[in-house]
Amino acid sequence: MKINKILEMSSPELENELSELKTELFKLRFSLATNGLDNPMRIKEVKKDIARIKTVLRQREIKESANN
């Protein structure tokens with residue numbers, strides 16, 4: 001997921017996407033441990049997407065606290 005797309009999303013949408021990505025990461029790790037994975041690089045992509053979303057959410061949180 002590109003950062004531009006993440007920045008366009010609202011905070012509730014990002015939190016929803018974050019929970020979906022965490023679920024996907026769990027499933028990927030589980031399938032890697034049990035029967036192998038078609039694309040092991042997908043785990044790396046999902047982890048980076050999670051980090052990007054968490055960073056944007058934290059930046060927005062800091063911005064909100066600075067405005068108050």
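Derivation of every value follows stated rules applied to the coordinates shown; laboratory data play no part. All of these numbers come straight from a predicted model, not from anything done at the bench. Using ideal geometry, Cβ is built from the backbone for each residue, glycine included, and neighbour counts are taken over all protein chains shown.
Can you find, among 7, 41, 31, the residue sitting farthest towards the positive end of the charge dipole of segment 1-61, where Lys and Arg contribute +1 and Asp and Glu -1 at Cβ?
41
With a point put 7 Å past each Cα toward its Cβ, work out how far residue 19 is from residue 33 in nm, to one decimal.
2.3
Taking only Cα atoms, what is the 0 to 90° angle, nearest 10, from helix 41-67's long axis to the longest principal axis of the chain?
10
On a 0 to 90 degree scale, rounded to 10, what angle separates helix 11-34 from the longest Cα axis of the chain?
Between helix and principal axis, roughly 20 degrees.
Let me spell out the model: positive unit charges on the Cβ of Lys and Arg, negative unit charges on the Cβ of Asp and Glu, origin at the Cα centre of segment 1-60. What dipole size does that give, in debye rounded to 20?
That gives a dipole near 300 debye.
Give the relative contact order (percent, whole number) for the chain; include only Cα pairs under 8 Å separated by 6+ residues.
The normalised contact order for the chain reaches 44 percent.
Kirkwood-based Rg over Rh for the chain (C-alpha set), two decimals?
Expressed as Rg/Rh, it is 1.10.
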